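Quick notes on the structure that follows.
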Amino acid sequence: MFRRIETRIVNPLLGTRIPLPAYATEGSAAMDLRACIEEPVELAPGGRVLVKTGIAINMMDPGLVAIVASRSGLSLKHGVRVAQGIGVIDADYHGEIGVILANDGESTYVIEPGERIAQLMFQPVTQVALHYVDEFSIETERGAGGFGSTGKS
């Protein structure tokens, strides 16, 4: 069953020349976001660019967050990924969704109008209240062991 999310088209290219966001397959966890641009945009190696998607959303629920994630094929084949790892769209943000792309590849990548540039996934949110203590109430086997502390295998 699908949950309805109010969505505004903020760029008239979307839905006319550029396809609307959609799930690629029935089993997809995230829908594809497309570059809602009129002209191709060059992304140089080591560069970053903000690419608009043409949509704004109203989740109407602070118990939801929208996550913008990289497309694995774009990252593997060209080194192009969501710059900050993931993008977080808070429930109270109603502006156009933009995707910050970074190019870790060795060649300039050309982002074409309508190209699938990222994925949009909706997740539940749990807000917490931090309770500051001098020591934790329980100890774990790992404790404060950091990176690699549990071994390789």
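The values are calculated or read from the model by the stated rules, or taken from the named source; none is laboratory data. A quick note: this is a predicted structure, and the numbers were derived from the prediction, not measured. Cβ sites come from the backbone with ideal geometry, for glycine too, and all protein chains shown count toward neighbours. Surface accessibility is based on the protein's heavy atoms, side chains included, excluding ligands, DNA and RNA. Shrake-Rupley method; radii C 1.70, N 1.55, O 1.52, S 1.80 Å.
Observations, loosely collected:
- Solvent-accessible area, 1.4 Å probe, carbon plus sulfur percent, for the chain: 52 percent
- Cleavage-rule hits, trypsin sites (Lys or Arg not before Pro), the stretch 47-153, DSSP coil, Cβ neighbours within 10 Å at most 15: Arg142, Lys152
- Value of relative contact order over the chain, rounded to a whole percent, pairs C-alpha under 8 Å and six or more apart: 29 percent
- Nonlocal amide H pairs with Gly15, under 5 Å, H built at 1.01 Å: Leu20
- Computed over neighbours whose Cβ is under 13 Å from that of Leu74, the net charge equals +1, Lys and Arg +1, Asp and Glu -1.
- Of Ile67, Ile138, Ile89, the one that fluctuates the most in a GNM where the chain has Cα springs shorter than 10 Å: Ile138
- Subtracting the Cα-Cα distance of Leu76 and Ser153 from their residue separation scaled by 0.36 nm leaves 25.1 nm.
- Dipole size of the stretch 1-134 about its Cα centre, with +1 on Lys/Arg Cβ and -1 on Asp/Glu Cβ: approximately 260 debye, rounded to the nearest 20.
- Under the combined filter of DSSP loop state and at most 11 neighbouring Cβ atoms within 10 Å, the stretch 88-153 retains these chymotrypsin sites (Phe, Trp or Tyr not before Pro): Tyr132, Phe136, Phe147.
- Per residue, the convex hull spanned by the Cα atoms of the stretch 67-153 amounts to 199 cubic angstrom.
- Answer label, with semi-axes √(5λ) of the Cα gyration tensor in Å calculated from the coordinates and candidates (1) 23, 18, 15; (2) 20, 18, 16; (3) 33, 23, 14: (3)
- 10 Å Cβ shell holding at most 11 others, DSSP loop, GluC sites (Glu not before Pro): longest site-free stretch of the chain: 39-105
- Taking each DSSP H run with n ≥ 4 as -39500 (n - 2.57) and averaging over every residue of the chain yields -1000 deg cm²/dmol at 222 nm.
- Listed residues Asp92, Asp32, Asp134, most fluctuating in the chain (Gaussian network, C-alpha, under 10 Å): Asp134
- Centre separation in Å (Cα based) which lies between the stretch 84-128 and the stretch 7-68: 8 Å
- Heavy-atom accessible area per residue - the stretch 50-146, 1.4 Å, Å²: 63 Å²
- The stretch 25-57 residues near the modelled Thr108 label - backbone nitrogen below 16 Å, point 7 Å along Cα→Cβ: 39-49
- Whole-Hz ³J(HN,Hα) from phi, Karplus 6.51 cos²θ - 1.76 cosθ + 1.60, for the stretch 2-16, glycine and proline x: 8, 8, 7, 10, 4, 9, 10, 7, 9, 10, x, 5, 6, x, 10
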